[in-house]
Ligand SMILES: Nc1ncnc2c1ncn2[C@@H]1O[C@H](COP(=O)(O)OP(=O)(O)OP(=O)(O)O)[C@@H](O)[C@H]1O
Ligand SMILES: [Mg+2]
């Protein structure tokens with residue numbers, strides 16, 4: 001498969017092995033600029049490993065990938081400049097306030113102080129965190145922390161955003177708040193790749209890649225995947241393709 005010039009993200013036969021374990025076993029897909037792309041798969045299927053290769057945090061064993069037209073192995077700095085990443089696990093400093101965490105992130109991205117203050121206050125407002133800005137992160141609920149994680153990932157206004165399970169463990173209200181914000185980013189034209197094992201969240205994507213045991217087993221708009229396998233939900237599409245439910249573990 002050749003690289004397409006216009007793609008925001010392109011993975012070609014990506015493989016990652018950890019010793020004898022093949023975490024990602026030859027994954028290829030492309031994400032177009034402005035697209036919301038969902039990588040859907042059960043625990044341990046290789047979602048985070050794929051994201052980490054695309055974000056230059058893990059070197060592919062074989063295969064290649066380009067992000068913002070830059071090769072993830074040969075041009076890691078250029079890739080990092082174009083992306084934002086929200087890790088599956090929080091990266092906030094619990095002993096700083098919400099505001100201080102974002103200010104620290106602004107320093108890391110060399111955002112001028114005046115701009116930083118303005119952007120931080122705006123983001124805190126959008127995330128409904130403005131009145132909690134001077135509270136220590138350790139005192140915030142899981143939902144508020146997750147929103148702060150996401151604010152941290154977009155503070156530098158990346159072209160391409162990677163969200164690794166942005167709503168994991170959140171209650172419906174917090175999930176709705178996060179998805180409201182993702183909707184705004186999408187309207188602004190940001191390219192977003194998110195991972196999830198929540199079927200209803202995958203359905204919001206323009207296109208979904210279903211990953212199972214390190215292999216992409218289906219790729220397309222949710223409506224088409226359902227139509228192609230004549231199933232009413234992505235859950236049943238997954239069941240149809242693998243014989244297992246998506247919530248079941250990878251281990252046999
Ligand atoms: N650094 C590592 N060393 C060894 N094995 C690893 C490492 N990172 C991931 N793995 C293994 O690779 C496989 C894929 O893991 P990965 O974290 O990519 O899955 P995932 O789809 O993100 O799962 P989850 O939904 O639980 O986050 C798993 O079997 C995992 O145990
Ligand atoms: Mg993961």
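Laboratory data are not the source of any read-out in this text; all were calculated from the coordinates shown. It should be emphasised that the depicted structure is a prediction, and the values quoted were computed from it without experimental measurement. Cβ atoms come from the backbone with ideal geometry, glycine included; neighbour counts cover every protein chain shown.
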Quiz item: If only one of 188, 220 is surrounded by fewer than 23 Cβ atoms within 10 Å (Cβ to Cβ) and more than 21 Å from residue 10 (Cβ to Cβ), which one is it?
Solution: 188
Quiz prompt | Residue in the range 1-31 that is nearest to ligand 1 (Cβ to nearest atom), counting only those that are part of a loop (DSSP other than H, G, I, E, B) and surrounded by fewer than 15 Cβ atoms within 10 Å (Cβ to Cβ) | solution = 19
Quiz item: When both residues are 6+ apart or on different chains and their Cβ atoms are under 9 Å apart, which pairs have a first residue that lies in the range 122-137 and is without any contact (Cβ under 8 Å) to a residue 24 or more places away in the chain, and a second that is surrounded by fewer than 20 Cβ atoms within 10 Å (Cβ to Cβ)?
Solution: 130/121
Quiz prompt | Residue, nearest to residue 201 (Cα to Cα), within the range 50-74, restricted to residues that are within 10 Å of ligand 1 (Cβ to nearest atom), without any contact (Cβ under 8 Å) to a residue 60 or more places away in the chain and not in a loop (DSSP other than H, G, I, E, B) | solution = 52
Quiz prompt | Matching residues, the range 173-232, being free of Cβ contacts under 8 Å to residues at least 40 places away in the same chain and under 23 Å from residue 50 (Cα atoms) | solution = 178, 179, 185, 198, 200, 203, 217, 218, 220, 221, 222, 225
Quiz item: Which members of the range 137-174 meet the condition of being more than 21 Å from residue 111 (Cβ to Cβ) and in contact with a strand residue (DSSP E or B) (Cβ under 7 Å, 6 or more places away or on another chain)?
Solution: 164, 165, 166
